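In what follows, a single structure is set out as structure tokens and then discussed.
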Amino acid sequence: MTALATPRLYKLRPWLIRALIPEGVPGSYVLYRQGVPVYVGRSDTDLQRRLLAHTASMRGEYFSFSTCTHALNAFSSECALYHAPPPGGIENKVHPAAPPQSGALCPFCPGTIAASRGNRLQALAHPVGLSIQEPRPPHDVEDTRQQDNRQQGSAS
Ligand SMILES: [Zn+2]
């Protein structure tokens, strides 16, 4: 396990939650016990309040979090954590529910991915599940620059 794959963990304490997360911001989180992830969750309206509630539940000792600009982003973030939890796994037994009346689908469920592959328009709007393009090799960039230099040279 590399350091890059390890999220920053914070002690689940009210003062620290208040210091890190503003009020009224949606987000997702992971709770840890003895260094092992145990639970993923989210708040569509106030991540700070949700984590403060967890300080009383004794469900975890540490947490990691991600704030979001919108409830739908918090839902997608929680779904990602649910389907690909941090090393060690989680105890969640129920798939995250979509925000009420949003009609949102989990972008990581096999059914959603298959549906988006069957409809190119949806696939373009929701690129999750598409194959990742190889990045252009760096020498392409150098070639372009050399061409530009040549053009500039001939122009002057
Ligand atoms: Zn899902």
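Computed values, structure above
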{"item": "Filtered residues of region 60-90 (kept if more than 16 Å from the ligand (Cβ to nearest atom), of a type outside the set (A, V, I, L, M) and under 20 Å from residue 26 (Cβ atoms))", "result": "60, 63, 64, 65, 66, 67, 68, 69, 70"}
{"item": "Among (1) within 19 Å of the chain's Cα centre (by Cα); (2) farther than 23 Å from residue 13 by Cα - the single one residue 114 does not satisfy", "result": "(1)"}
{"item": "Test: residue 151 is assigned to a loop (DSSP other than H, G, I, E, B), at pLDDT below 85 and among the polar types (S, T, N, Q)", "result": "no"}
{"item": "Conditions (1) within 16 Å of the ligand (Cβ to nearest atom); (2) among the aromatic types (Phe, Trp, Tyr); (3) in contact with a Gly (Cβ under 6 Å, 6 or more places away or on another chain); number of the one not met by residue 32", "result": "(1)"}
{"item": "Single residue of region 89-126 satisfying the filter (of a type in the set (A, V, I, L, M) and at pLDDT below 80) that is nearest to residue 7 (Cα to Cα)", "result": "113"}
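The values are calculated or read from the model by the stated rules, or taken from the named source; none is laboratory data. Computed from a predicted structure; not experimentally measured. Because the Cβ atoms are built from the backbone with ideal geometry, glycine has one as well, and the counts that use them run over all protein chains shown.
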